[in-house]
Amino acid sequence: MAPPNSGVHHISNPCIYERKSRFMKWLGKLFKSGSNRGGARGGVGGRAHPQILGEENVVWSAPARSVDDRSRTGKERGDAIALAMAEDWKQPSGCSRGTNDQDLARSLQDTLNSSSFPSYGTTQYCHRNLRLCSGCQRDIGYGNYLGCMGKFFHPECFCCRSCGYPITETEFSLSGNDPYHKSCFKELTHPKCEVCHQFIPTNAAGLIEYRCHPFWSQKYCPSHEHDNTARCCSCERLESRDARYYSLEDGRSLCLECMESAIMDTGDCQPLYHAIRDYYEGMNMKLDQQIPMLLVQRQALNEAIFGEKNGYHHMPETRGLCLSEEQTVASIQKRPRIGGHRLVGMRTEPRKLTRKCEVTAILVLYGLPRLLTGAILAHELMHGWLRLKGYRNLNPEVEEGICQVLSYMWLESELPGSKGMPSTSTSAASSSSSSSSSKKGEKSQVEKKLGDFFMHQIAHDATPAYGEGFRSANAAVSNPL
């Protein structure tokens with residue numbers, strides 16, 4: 001409680017009284033000027049100026065002054081502060097007090113907090129037009145709002161079509177009438193590389209440039225064709241960063257799907273080889289000679305090709321060879337074992353091939369899926385059949401075209417209902433496929449897809465001998481005179 005007024009008149013120190021008097025004059029001017037400026041401040045006494053939020057004009061009513069503030073004059077407030085200061089000077093020297101400046105600031109702050117600021121009344125809002133939020137379908141009322149596409153939204157209702165979170169950035173993407181975060185829209189529309197899983201970069205012209213496999217539709221950055229990214233030697237797909245390929249001892253790579261049915265040594269391939277010979281016999285194309293068949297590594301196959309005097313070979317890599325010359329070839333006798341992501345421990349054995357007829361042996365690259373290995377065997381056996389029948393000097397397009405047709409037909413017999421070119425199988429081939437083909441039960445979807453790819457490779461080969469030759473021979477077989 002403040003001391004009685006009489007206490008002010010008993011202050012005997014003239015310096016203190018003079019200082020108090022100067023302070024009271026300053027404080028009185030402060031309160032007087034503060035009350036005059038209060039009306040110009042929005043929200044503190046007087047009349048507030050209208051505030052514009054969006055396109056809304058919101059009028060704030062002037063708050064009423066409190067009764068205590070109207071009844072209490074500036075002189076009384078000054079007297080109260082002077083009495084409080086007089087009491088401070090009377091305190092004994094042993095009392096713990098703050099400095100005069102601190103006490104003065106505290107006393108002034110308490111006085112201002114208790115009486116100088118008026119309390120606010122109820123705020124009223126006036127709306128020119130009623131606007132509905134297109135997000136929640138509720139009245140927007142007052143406050144901030146967004147306008148887009150002739151519609152209005154609460155800020156929290158203007159959300160990305162993809163992630164559902166509010167769009168707070170100053171820029172966003174628009175697809176039709178749907179807004180998106182720029183990052184979400186890029187995630188939806190900008191192609192990603194299926195090898196490194198990053199957004200495919202733009203080229204110097206600012207255009208998105210990428211490579212795409214014609215069958216698998218695998219999209220990837222052009223740089224992966226030259227950065228030593230592994231490519232499956234069977235299906236041609238590039239190795240993804242989240243899937244490791246197997247490395248073969250001759251430098252090739254094999255994906256996990258092709259690895260499932262890969263044939264690794266000569267012994268494992270014998271049942272398939274005999275089944276394809278039976279397929280030929282079912283077409284009245286029996287091979288009278290017992291032609292040896294060997295699975296070999298890439299280096300051994302390339303050396304055998306180099307030793308051949310005649311023949312046309314598929315480039316850039318040949319995967320099979322119908323051998324006519326006598327040679328010694330290293331055949332794979334023991335399949336390799338898996339060591340991490342490498343195939344190791346392969347055992348080879350040199351084998352001397354002697355010429356007993358027009359065909360010395362058939363060589364096939366090891367480590368390929370069963371269907372691809374069978375298609376290569378069917379192709380090379382057709383070369384052997386033609387040579388055994390005396391057709392040695394055929395035009396490469398004719399000979400290779402016929403061999404590709406037999407390869408394609410065998411794949412058709414293994415994959416009934418497959419998607420490919422019009423069927424080339426004759427009734428004899430169809431009847432023999434059910435009994436002679438080496439089908440290992442129902443094929444998985446992975447193997448069927450691989451078979452479709454191998455047929456696609458044959459049908460869309462761009463080389464003159466293998467591609468154009470196949471299409472010409474296939475048309476002749478499909479439409480005989």
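The values are calculated or read from the model by the stated rules, or taken from the named source; none is laboratory data. Source: prediction; values computed, not measured. So basically every Cβ, Gly included, is an ideal-geometry build from the backbone, and we count neighbours across all protein chains shown. For accessibility, only protein heavy atoms count, side chains too; no ligands or nucleic acids. Shrake-Rupley method; radii C 1.70, N 1.55, O 1.52, S 1.80 Å.
Ordered by solvent-accessible area of protein heavy atoms (1.4 Å probe), largest first, the residues Lys186, Lys448, Lys286 come out as Lys286, Lys186, Lys448. When the accessible area of region 132-185 is split by element with a 1.4 Å probe, what percent falls to carbon and sulfur? Carbon plus sulfur share of accessible area: 48 percent.
With the full set of protein chains in place, find how many percent of the accessible area of region 205-305 is carbon and sulfur; take the probe as 1.4 Å.
43
Take each peptide in 224-235, 359-370, count the other Cβ atoms within 10 Å of every residue, and average; sorted highest first, the result is 359-370, 224-235.
Surface calculation, 1.4 Å probe, protein heavy atoms: Lys182 sits at approximately 110 Å² accessible.
Placing a pseudo-label 7 Å from each Cα along the Cα-to-Cβ vector at Glu468 and Leu287 gives an inter-label distance of 3.0 nm. Straightening the chain between Asp268 and Cys159 buys 33.2 nm, computed as 0.36 nm per residue apart minus the Cα-Cα spacing.
Taking a ≥ b ≥ c as the square roots of the eigenvalues of the Cα gyration tensor, region 221-307 is prolate, since a/c reaches 1.5 or more and a/b is larger than b/c.
Taking label positions 7 Å along the Cα-Cβ direction at both Arg342 and Glu317, the computed distance is 1.8 nm, reported to one decimal. For the set Glu194, Glu326, the ranking by accessible area, highest first and with no ligand, DNA or RNA atoms included, is Glu326, Glu194 under a 1.4 Å probe. Remark on region 125-263: hydrodynamic radius 19.2 angstrom, per the Kirkwood mean of 1/r across alpha carbon pairs. At a probe radius of 1.4 angstrom, the accessible area of region 132-185 per residue rounds to 64 square angstrom. Normalised Debye scattering of region 132-185 at q = 0.13, 0.15, 0.26 Å⁻¹ gives log10 I(q)/I(0) of -0.28, -0.38, -1.05, counting only Cα atoms as equal scatterers and leaving out solvent.
In square angstrom, what is the accessible area per residue of region 248-355 with a 1.4 angstrom probe?
I get 53 Å² per residue for this part.
Taking amide H as placed 1.01 Å from N in the peptide plane, Ser331 has its amide H under 5 Å from the amide H of Glu349, Arg351, each at least 5 places away in sequence or on another chain. Couplings for region 132-140, taken from phi via the Karplus curve 6.51 cos²θ - 1.76 cosθ + 1.60 with θ = phi - 60°, read 9, 6, 6, x, 9, 6, 10, 4, 6 Hz in order; Gly and Pro are left as x.
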